[in-house]
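A short worksheet on the structure shown next.
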Amino acid sequence: MKRPIIIAGPCAVESEEQIIRIAIELKKIGIDYLRGGAFKPRTNPNSFQGLGDLGIKYLLEAKKITGLPIVTELMTIEQVRKYADEIDIIQIGSRNMYNYELLKELGKYSKPILLKRGISATYNEWINAAKYINNGKNVILCERGIRSFDLSTRNVLDIQAIPYIKKNTNFDIFIDPSHAAGNDYMIEPMSLASVIAGCDGLIIEVHDKPEEALCDKEQAITINTLKSIMKKINKLLGD
Ligand code: PEP
Ligand code: MN
C-alpha cells in the first residue's frame, strides 16, 4: 500500500490570520495540501457563506508563506475562469456534481479536479460526471458520504466505493471522512479503514480551535489529532 496524499485544513477560510496560523501548524506535521473553502455552498442560506474572493486571496497568502499547495472549491464557471490557474487542485462539491456546464468548463484547464460524489449519486452517475471533465483526464474522485435513512450521523461513508472505483475505473479515489461522519470522533477510525481499503488520499477538516469554527465545527479535528492519525497511518503502512 502506498502512503495516501493528505489534504487538511479548515472547512472555511475565516480570516487571513486564521488560515495562515493553521497552515503553518499543518506544514509542520507534514501534510501535502492545504484545504480551505472560500466559496461555501451552505445548505442554509443564513449560514456563513465564506469570504469569497478575499478567501482565495488569504489562501494564496498561506500558500506563499508555507509553500503548501492549495485545494479549494469553485462553484461557478466565472470562478473557474478567474482562479483555475492559481489553485493547485480545484474541488467540485457534492452539490455541483451534476452541474454539467461547469464540468465541461473545467475540462478546458489542465488542473487536477477533485470531484466529490453527489449526495445520492450512483457510481455510474459519478463516473459519468467525471467524464464530462475532458473525458476524465486529471480527475480524482472523492467519496464524501452518501445520504442514508438514518439521521444519527451526517451521512454514511461508502467505503465500498474504494474497491469499486479501483476495480472498474482508472481514477484515483480520495476519501473525505469529515463530511461523511459529521462527527470528530469518527474521523480516525474512518481514515484508517479507508487507508486499509486502498484509498489514494484523504481530505480532512482540521481547525486549531474547533469550538470556534464558523463552519462544520462538530466534525473538525484538532491539528494534534491529525498528527496522531498520520502516525497511525504510517504504522499501518509499515514505516
Ligand atoms: C467541503 O468540502 O467543504 C464541502 C462543502 O464538501 P461537500 O461538497 O462534500 O459537501
Ligand atoms: Mn465542511
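Please treat every number below as a calculation from the coordinates, not as lab data. Keep in mind that what you see is a predicted model, and the values were worked out from it rather than measured. Counting neighbours? That spans all protein chains shown, and the Cβs are built from the backbone with ideal geometry, glycine included.
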Task: Point-to-point label distance, Asp150-Asp53, nm (Cα→Cβ direction, 7 Å offset) - done: 4.6 nm
- [ ] May I ask you to sort Phe48, Phe174, Phe39, Phe149 by Cβ crowding, counting other Cβ atoms within 10 Å and putting the fewest first?
- [x] Phe149, Phe48, Phe39, Phe174
TODO: If a cysteine in the chain has no other Cys Cβ under 4.7 Å from its own Cβ, put it on the list, ordered by number.
DONE: Cys142, Cys199
Open item on the list: Which one, Ile204, Ile19, Ile159, has the greatest fluctuation when you compute a Gaussian network model over the chain with C-alpha springs under 10 angstrom?
Closed with: Ile159
Task: 20 Å Cα-Cα reach of Lys57 towards lysines, excluding residues that sit fewer than 8 places from it in its own chain - done: Lys27, Lys40, Lys82, Lys111
Open item on the list: Under 10 Å, Cα contacts only: if you run a Gaussian network model on the chain, which one of Gln49, Gln91, Gln219 comes out with the highest mean-square fluctuation?
Closed with: Gln49
Open item on the list: Once R0 is set to 30 Å, what does the formula 1/(1 + (r/R0)^6) return for the Cβ-Cβ distance between Asp85 and Lys131, expressed as a FRET efficiency to the nearest 0.05?
Closed with: 0.80
- [ ] Take the chain, connect every pair of alpha-carbon atoms lying under 10 Å apart with a spring to form a Gaussian network, then pick out the residue of Ala197, Ala220, Ala180 with the largest mean-square fluctuation.
- [x] Ala197
TODO: Report, in debye and to the nearest 20, how large the dipole of region 106-217 comes out about its Cα centre when Lys and Arg carry +1 and Asp and Glu carry -1 on their Cβ.
DONE: 680 debye
Task: Relative contact order [Cα under 8 Å, 6+ residues apart], the chain, whole percent - done: 19 percent
